[in-house]
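Everything below concerns the one structure shown next.
Laboratory data are not the source of any read-out in this text; all were calculated from the coordinates shown. These numbers were taken from a predicted model, which means no experiment stands behind them. Glycine also receives a Cβ, built like all others from the backbone with ideal geometry; neighbour counts cover every protein chain displayed.
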Amino acid sequence: MTERIIFAIPKGRILDEALPLMQSAGIEPESAFFDDSSRALLFATNSPNMSIIRVRAFDVATFVAHGAAHIGIVGSDVIDEFDYSELYAPVDLGIGRCRISVAMPSGVDEAANGGHIRVATKYPTTTSRYYQARGIQAECVKLNGAMELAPSLGLAGRIVDLVSSGKTLAENGLVETDIISQVSARLIVNRAAYKMMSGTLPALVERFRLLSGERAAA
């Protein structure tokens, strides 16, 4: 009996770039996937042995780490934030490129106040790790969006967030002061599933590896 694969893909910024790559790998979602009015989260594909779930980016890592999905696509920012030991990230797909940066209001003194700062972010683990390495105590205020409002409303003195063009920062009076890490989308696999589903998952991973190599060489 052929093993059924659950493939987790993220909503949002990576999806538009991930779909052509998946199609190149021979994976095509059913037509309902492209129906904007659909509230479904689980979809069939052109393969009877593969289904797709479409969830929030942070949840892709959780579904795959806990084995509810076997393979997925997610940004390296999410992988670093959760640091799940159950995840294997064998392929940099070379899509979804951006960066995690520190930003604050322009003209504000960047020095920490007595070695303590307050930061608004959806990456508290990454942020704490970054400031700890610099001997600064960072109080992280967890937000899931609208990060750029935090400094102007007094919630936090600075933010740590994903940055692509920097336009949103500029429009909210913020300047990028440091880059914590460069981000790109990765193919992730549940480690246990990779071993148990040896007849399907390794070959699928290799298909994406070859495609990513072709993209890089182009």
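Of note:
- Distance between the pseudo-spin-label points of residue 210 and residue 125 (7 Å out from Cα toward the beta carbon): 3.4 nm.
- Virtual spin-label span in nm between residue 36 and residue 153, 7 Å along Cα→Cβ: 2.7 nm
- Extension gain, residue 89-residue 179: 0.36 nm per intervening residue step, less the Cα-Cα distance, totals 30.2 nm.
- Between residue 68 and residue 168, the contour length at 0.36 nm per residue exceeds the alpha carbon distance by 32.5 nm.
- The order of the peptides 32-42, 5-15 by mean Cβ neighbours within 10 Å, most packed first, is 5-15, 32-42.
- If the segment from residue 191 to residue 23 were pulled out straight at 0.36 nm per residue, it would be longer than the present Cα-Cα gap by 58.1 nm.
- FRET E, pair residue 80, residue 49, Förster distance 30 Å, beta-carbon r, rounded to 0.05: 0.45
- Measuring nothing but how far apart in sequence close Cα pairs (under 8 Å, 6+ apart) lie, relative to its length, the chain scores a relative contact order of 26 percent.
- About its Cα centre, the range 98-183 has a charge dipole of approximately 280 debye under the convention of +1 per Lys or Arg Cβ and -1 per Asp or Glu Cβ, with nothing else charged.
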